[in-house]
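Here the structure comes first, spelled out in structure tokens, and everything after it is commentary.
The values are calculated or read from the model by the stated rules, or taken from the named source; none is laboratory data. All figures in this text were calculated on a predicted structure; none of them were measured in a lab. Every residue, glycine as well, gets a Cβ built from its backbone with ideal geometry; the counts of neighbours run over all protein chains shown.
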Amino acid sequence: MNLEQYKRRCDEFLTQSELKYVYETAKKRCEYHPEIADKYRKTVEALPVYKDIDEAIKKAVSMSQRDVRRYQVWAFVGKNKEEYYIQDYYIISNNNLILQAAEYIGMEQIM
């Protein structure tokens, strides 16, 4: 896939209903288990973060070409008064503990 295909996939996949589901379920998990949420949040905050999807995808692809591990782009979902939105993009390796942390705190894989 090239950059435009990834971006189109992201736009098609992350609808308001999908973003709402990711955000609201993560919010409930984090409210019920704040100590786990804090631990997972710290794990994710140590990862590379990008504001621009183009930059994140290019970096993930170049990292995957240089390294044996597969790198993915995950989006952190936020909410304002009217809608759900993508706050930041993170590059995550295929480490299961990190992937679990990302999903737990309200992130969605886009690449």
So, in region 85-111, how many residues would count as being assigned to a strand (DSSP E or B), farther than 19 Å from ALA46 by Cα and touching a helix residue (DSSP H, G or I) at 6+ places or on another chain (Cβ under 6 Å)?
0
Got a number for residues in region 25-47 being within 13 Å of the chain's Cα centre (by Cα) and either more than 21 Å from TYR89 (Cα to Cα) or loosely packed, with under 13 Cβ neighbours inside 10 Å (or both)?
1
Residue count, region 1-42, condition at pLDDT 60 or above and not in a helix (DSSP H, G or I), comes to 3
For region 48-55, check the following and say yes or no: at least one residue is assigned to a helix (DSSP H, G or I), in contact (Cβ under 8 Å) with a residue 24 or more places away in the chain and surrounded by 16 or more Cβ atoms within 10 Å (Cβ to Cβ).
yes
Exactly one of these conditions fails for GLU82: (1) exposed (fewer than 13 other Cβ atoms within 10 Å of the Cβ); (2) not in a loop (DSSP other than H, G, I, E, B). Give me its number.
(2)
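Yes or no, residue by residue, for (1) modelled with pLDDT under 85; (2) among the polar types (S, T, N, Q); (3) at positive phi:
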{"site": "VAL49", "(1), (2), (3)": "no, no, no"}
{"site": "GLU55", "(1), (2), (3)": "no, no, no"}
{"site": "VAL73", "(1), (2), (3)": "no, no, no"}
{"site": "VAL77", "(1), (2), (3)": "no, no, no"}
{"site": "GLN87", "(1), (2), (3)": "no, yes, no"}
{"site": "ILE92", "(1), (2), (3)": "no, no, no"}
{"site": "LEU97", "(1), (2), (3)": "no, no, no"}
{"site": "GLU108", "(1), (2), (3)": "no, no, no"}
{"site": "MET111", "(1), (2), (3)": "yes, no, no"}
Subset of region 92-111 [among the β-branched types (Val, Ile, Thr) and crowded, with 20+ Cβ neighbours inside 10 Å]
ILE92, ILE105, ILE110
A careful count of residues in region 56-74 that are surrounded by 14 or more Cβ atoms within 10 Å (Cβ to Cβ), in contact (Cβ under 8 Å) with a residue 12 or more places away in the chain and over 13 Å from the mean Cα position of the chain (by Cα) gives 3
